[in-house]
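Novice: The structure under discussion is supplied below as structure tokens; questions concerning it will follow.
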Amino acid sequence: MIILFVVCCLIFRRKLNFQRESIIFGLIIAAPFLLEILFFWNNSSLSGGLKSAEKSISLLLFPLFIIGNYKYIDYKWIINYYSKIMVLLLVLLLLRFVILYPDMIDKYRNGIHLWEMGYVFSNSFGNHAPALNMHLAFVAILNFYLVLQSFHNNRGSAYKIMEMLFLIVSIFFILLVNTRMALFNMGAGFGIVIIYEIQRRHNFKKVLKTAGLMMILASILFFFFVKNDPYMKEKYSKVTFAHMDKIGRLDEIDHPEINVFNSLVTRVSIWKSGWELGVQNLPFGVGASDGKKELVHYFKETNQVFLAKYEFPMHNQFLDFFLKYGIAGFFVVALYIFTIGYLGFSAKSGVTVAFFLLFFTSNLTDDFLIRFDGIAFSGFWFSLFTVNWLQQKELHHKNNTKLQ
């Protein structure tokens with residue numbers, strides 16, 4: 001898809017337009033890829049280094065062609081169609097899942113192994129549940145934003161109902177895949193969008209009335225899932241924070257693969273090992289191609305049998321880049337993620353700020369800049385948020401000129 005995108009941009013190219021700010025933002029978006037190139041010498045194998053760099057080359061291509069053509073891009077049109085196409089794709093994938101995996105549907109209906117439903121559904125089309133739900137949380141936020149817009153713009157009843165339906169379906173899929181960070185970020189994203197819409201519209205009553213209706217519908221859907229999925233209660237209470245006294249000593253827990261595989265204590269134990277190994281390999285880290293290999297080797301060295309057996313990755317993007325590239329890696333991740341926040345706050349865009357919180361918190365408990373889908377997802381939207389920022393800046397400048 002990215003290759004087709006680049007080919008189309010080259011065939012139907014227009015004169016690329018780069019301002020000083022767009023060059024700066026473009027370089028920040030490309031920073032993880034540039035870091036790969038800068039530290040390429042630190043890889044133990046040529047093929048491993050090339051494979052790692054290949055995954056992040058989209059961070060060079062997206063800003064070049066998206067930001068370079070910012071004058072011709074309809075940001076709101078993309079938001080509208082992206083959110084709807086994603087929901088329709090998920091509906092088709094769910095129908096496919098029902099047909100191909102009837103045994104899983106029967107297990108879910110009978111309350112057996114409810115925890116695995118989201119992971120099996122995601123794996124059925126080659127995805128990872130937390131990665132999929134990160135995408136879906138953003139789609140739900142976009143649909144929530146579009147519902148508020150439909151009421152503000154006084155669109156027809158049929159249009160409003162359609163927008164609400166897309167929102168409800170997107171929330172349904174988040175609950176189906178059922179990951180903790182996605183639910184948190186969806187709720188937080190809704191709140192951020194409400195705050196920015198109130199500030200922009202100066203109509204507290206109308207925005208809050210519409211948002212309240214959507215929250216009631218979402219709460220009903222959430223209650224339905226919790227009632228029919230008792231594991232959700234256990235997952236969000238006992239499982240998440242269980243055995244926190246065993247950090248770094250997971251093998252002392254009886255059957256850790258059953259009791260703490262998805263618990264916070266497992267992630268904290270990994271982070272502890274990652275930090276210790278990263279400090280040992282300052283200032284340049286162990287290399288992009290060797291991060292996970294060295295981490296698993298450290299698990300074995302420190303007799304952490306459970307972590308070594310399942311070869312867990314870092315589950316924290318800041319620590320992952322710290323281990324691979326040293327101090328420079330930590331600062332590049334921080335620069336990359338927090339610049340998205342700057343664009344949102346500067347442009348007063350609730351959608352961008354919600355995406356910033358989503359991507360920031362997701363990378364605290366996972367490492368999405370080592371996954372191709374996470375890299376492309378963030379690079380694409382980071383570039384579009386930059387487009388929106390540049391367009392807002394030009395509009396503001398034109399309005400000031402007219403007033404003068």
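The values are calculated or read from the model by the stated rules, or taken from the named source; none is laboratory data. Computed from a predicted structure; not experimentally measured. Cβ: placed from backbone, ideal geometry, glycine included. Neighbour counts: every protein chain shown. The protein model used for the area step is the full one, side chains on, heavy atoms only, and it has no ligands, DNA or RNA in it. Shrake-Rupley method; radii C 1.70, N 1.55, O 1.52, S 1.80 Å.
Novice: Hey, any hits in region 69-77 for a residue that's within 24 Å of residue 4 (Cα to Cα), open to solvent by less than 50 Å² (accessible area, probe 1.4 Å), outside any helix (DSSP H, G or I) and not basic (Lys, Arg)?
Specialist: yes
Novice: Then there's this: In region 105-134, which residue that is aromatic (Phe, Trp, Tyr) and at pLDDT 85 or above is most open to solvent (accessible area, probe 1.4 Å)?
Specialist: 125
Novice: Does residue 125 satisfy the criteria of being part of a helix (DSSP H, G or I) and either closer than 21 Å to residue 376 by Cβ or in contact (Cβ under 8 Å) with a residue 12 or more places away in the chain (or both)?
Specialist: Answer is no for this residue.
Novice: Of the residues 29, 73, 67, which is in contact with a helix residue (DSSP H, G or I) (Cβ under 8 Å, 6 or more places away or on another chain), over 25 Å from residue 334 (Cα atoms) and not aromatic (Phe, Trp, Tyr)?
Specialist: Step by step, each of 29, 73, 67 is checked, and only 73 is in contact with a helix residue (DSSP H, G or I) (Cβ under 8 Å, 6 or more places away or on another chain), over 25 Å from residue 334 (Cα atoms) and not aromatic (Phe, Trp, Tyr).
Novice: While we're on this one: Residues in region 199-217: is at least one in contact with a helix residue (DSSP H, G or I) (Cβ under 9 Å, 6 or more places away or on another chain), under 29 Å from residue 110 (Cβ atoms), part of a helix (DSSP H, G or I) and modelled with pLDDT under 90?
Specialist: For region 199-217, residues in contact with a helix residue (DSSP H, G or I) (Cβ under 9 Å, 6 or more places away or on another chain), under 29 Å from residue 110 (Cβ atoms), part of a helix (DSSP H, G or I) and modelled with pLDDT under 90: present.
Novice: I'm trying to understand the selection: among the residues of region 356-374, which are over 16 Å from residue 53 (Cα atoms) and either open to solvent by 30 Å² or more (accessible area, probe 1.4 Å) or hydroxyl-bearing (Ser, Thr, Tyr) (or both)?
Specialist: If the condition is that a residue be over 16 Å from residue 53 (Cα atoms) and either open to solvent by 30 Å² or more (accessible area, probe 1.4 Å) or hydroxyl-bearing (Ser, Thr, Tyr) (or both), then 357, 360, 361, 362, 364, 365 are the ones that fit.
Novice: Something else about it: Can you find, within region 248-269, the residue that is most open to solvent (accessible area, probe 1.4 Å) among those that are among the aliphatic types (A, V, I, L, M) and more than 19 Å from residue 298 (Cα to Cα)?
Specialist: Going through the qualifying residues, I end up with 258.
Novice: Quick one: in region 135-152, which of the residues that are among the aromatic types (Phe, Trp, Tyr) and open to solvent by less than 10 Å² (accessible area, probe 1.4 Å) is farthest from the chain's Cα centre (by Cα)?
Specialist: 144
Novice: While we're looking at this one, here's another question. For region 293-310, name all the residues that are in contact with a Phe, Trp or Tyr (Cβ under 9 Å, 6 or more places away or on another chain) and basic (Lys, Arg).
Specialist: Scanning region 293-310 gives a single hit, 309.
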